[in-house]
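The values are calculated or read from the model by the stated rules, or taken from the named source; none is laboratory data. Quick caveat: nothing in here was measured; it's all calculated off a predicted structure. In this analysis, Cβ positions are derived from the backbone assuming ideal geometry, glycine residues included, and neighbour counts consider all displayed protein chains.
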Amino acid sequence: MPIHILPPEIASQIAAGEVVERPASAVKELLENALDAHARAVTIAIAQAGRQLIEVRDDGHGIPADEVPLAVTRHATSKLASAADLFRIATLGFRGEALASIASVSRLTLTSRTAAAETGTRILVDGGHAAPPEKVAAPVGTTVRVENLFYNVPARLKFLKKEVTERRAINTLVARYALAYPQVRFKLQHDGKPSLQTSGNGDRRAILAALYGADVARQMLEVQAEEEGLRLTGFISPTGLTRSNRREMTFFVNGRWVQDLPLNRAILQAYHTLLMVGRFPLTVLFLDVPPESVDVNVHPTKAEVRFREHDRVFSFVQRAVRRAILAYAPVPAGGAAQLWTASGGASGSAAAWTASSSSGTLTDWEAGHAPAAASAPDAAASSAAEQASFGGIPILRLVGQVGATYLIAEGPDGLYLIDQHAAHERALFEKLMAQVRTQNIPAQALLSPVSVTLPPHQSDLLNEQLPVLQRLGFEVVPFGPNTFQVRAMPSLFGGQDPAQALRALVEDFEGDETPLGEEIEARVAARVCKRMAVKGGQVLTPAEQEALLRSLEACESPRTCPHGRPTMLHLSVDMLERQFGRRGAR
Ligand code: ADP
Ligand code: MG
């Protein structure tokens, strides 16, 4: 075939593929247009998960009659005048191709009227072919109807997911924008049935409640931080409220929903060692930065951004989130049925529950804590010690060891049952990380170095991790094919079998997805400490028990192990008194 210029319809369809991948992406573009037009109310009607109909109606400033044909023309926009504008974008749209793209793969009708115009204007574009605009009666604002999406791109239709999946994608999207723009009234309906509605009164927590249920909304911690042009607001979940994936980590930058992995990583680092491995927080965060300090033109769907001062933004976000987590006072213990409560912030209790979500979206929340007590008068009764003690624990008096697995101790505010393994893990971890931070890891050279031979795939894994082990105080060197020699270990682990330790570590690497850049040291350290910590079932001498208790007291986050499980259960004086009927139920 000779080289030839593609007919415009085909070129548009190719371009459309980048912007409109599925019904939810069309909804996103239309929503963004409505928000750019300063709408106060946006109504979205969907039929058949968007395949049959997507209609977005707004009460924004509308489009002047003579510009209506341009609105559906490719590379036509009112939001950008010069190339320089591209680097200080304050609107959600700017590419001028969304409407044209959608119109090339559907039957699109746009009706619009400005406040100054007496009538509205309507234009119909079918598969990219525009009919002449006509005058119609219409309210001020803009309505875009998209019918039969992808009818002329059968290949795309085939790739659409099941209706429930596409519907969920739309719900998630609208929910996120509703949270980002609480002063806008959103209304979403599917096949004539209302699905989500917000009041537009600016109350974000109320929207959270509509989306995730009142209990979750009440538990969410507010984030508010500001620093030299950077502003972070929004909500994060306490450590006891987690999900099994990152999908509920939502980030908006200058009002734009972005999928920014580094930012998510900053958040995860803020939670570091407070969440169980494989658990992720729910976050809804809004970052505002000067428009010229962020490049939004790096992705066709504008889902990624690039910061000019990436490191500064990263550390700002991390610090702000960390502060909010640490400021959190744990939810006090619940009713009589729940005798022992995990005293850490992590999900310790067996209770798992599902938030009743009125919209049917975003369900499947689990929380370790029974959250019901948060607003009960009980809250006031929870001991001051418990409120204040998210960080440290009080000085404890050792009572003894039970079942060769737990230590019992007494504090000013009741009884503590401590898991010796988890506690030792935490203590070792904090000591090791402190040494790593100060770059001063006392290492103990082995009198006779130990050789370990590993299967080839494990030896590859270990080779990759050698520098990290080195930084943690392990001197391990390649010593022939698939063989390594352990020459030194951190003194912290003195007396342990080096060969066994190394084998166990490599097995752990195997079970792991590639650790993320900056987290890697802490993760490897957490694993090493898990291997080196005393186990359940190990009898400890009174001196060893005492030493363990002291080192736990010295920890910064003594209530969870580095993997986020609780190290201790706390039975407060208050609860004991109530349980024994010494004090009337309140
Ligand atoms: P972009 O948003 O990138 O400019 P679009 O194709 O989405 O490109 O829209 C083209 C133009 O149509 C916009 O620049 C805007 O002027 C106008 N427009 C689209 N939707 C609306 C709306 N809901 N209200 C007012 N104007 C709109
Ligand atoms: Mg747009």
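Show the residue pairs meeting these rules: Cβ distance below 6 Å; 6+ apart or different chains; first residue within region 81-101 and in a helix (DSSP H, G or I); second residue within 15 Å of ligand 2 (Cβ to nearest atom) and acidic (Asp, Glu).
Ala98/Glu29
Scan region 40-57 residue by residue and report those that are in a strand (DSSP E or B) and farther than 14 Å from Ala26 by Cα.
Ala41, Val42, Thr43
Quick check on Ala175: is it part of a helix (DSSP H, G or I), within 12 Å of ligand 1 (Cβ to nearest atom) and not basic (Lys, Arg)?
Criteria not met by Ala175.
Just give me the residues in region 13-53 being among the aliphatic types (A, V, I, L, M), surrounded by fewer than 23 Cβ atoms within 10 Å (Cβ to Cβ) and out of contact with any Gly (no Cβ under 9 Å at 6 or more places or on another chain), in sequence order.
Those that are among the aliphatic types (A, V, I, L, M), surrounded by fewer than 23 Cβ atoms within 10 Å (Cβ to Cβ) and out of contact with any Gly (no Cβ under 9 Å at 6 or more places or on another chain): Ile14, Ala15, Val19, Leu53.
Please state which one of Leu552, Leu569 is closer than 26 Å to Arg279 by Cα, assigned to a strand (DSSP E or B) and in contact (Cβ under 8 Å) with a residue 60 or more places away in the chain.
Leu569
Just name the residue that is farthest from Ser25 (Cα to Cα) out of those in region 96-122 that are surrounded by fewer than 22 Cβ atoms within 10 Å (Cβ to Cβ) and within 11 Å of ligand 1 (Cβ to nearest atom).
Filtering first and then ranking leaves Thr114.
With the requirement that a residue be modelled with pLDDT of 95 or more and touching a Gly at 6+ places or on another chain (Cβ under 6 Å), what does region 104-139 give you?
Thr111, Ser112, Arg113, Thr114, Val136, Ala138
Can you go through Glu29, Glu55 and tell me which one is out of contact with any helix residue (DSSP H, G or I) (no Cβ under 7 Å at 6 or more places or on another chain) and either within 16 Å of ligand 2 (Cβ to nearest atom) or closer than 19 Å to Ser101 by Cα (or both)?
It is Glu55.
What number of residues within region 559-574 satisfy the criterion of being buried (at least 24 other Cβ atoms within 10 Å of the Cβ) and either farther than 17 Å from Ile418 by Cβ or out of contact with any strand residue (DSSP E or B) (no Cβ under 7 Å at 6 or more places or on another chain) (or both)?
3
Any chance you could count how many residues in region 153-205 are closer than 16 Å to Ala26 by Cβ, of a type outside the set (Lys, Arg), modelled with pLDDT under 90 and more than 24 Å from the chain's Cα centre (by Cα)?
Within region 153-205, residues that are closer than 16 Å to Ala26 by Cβ, of a type outside the set (Lys, Arg), modelled with pLDDT under 90 and more than 24 Å from the chain's Cα centre (by Cα) number 5.
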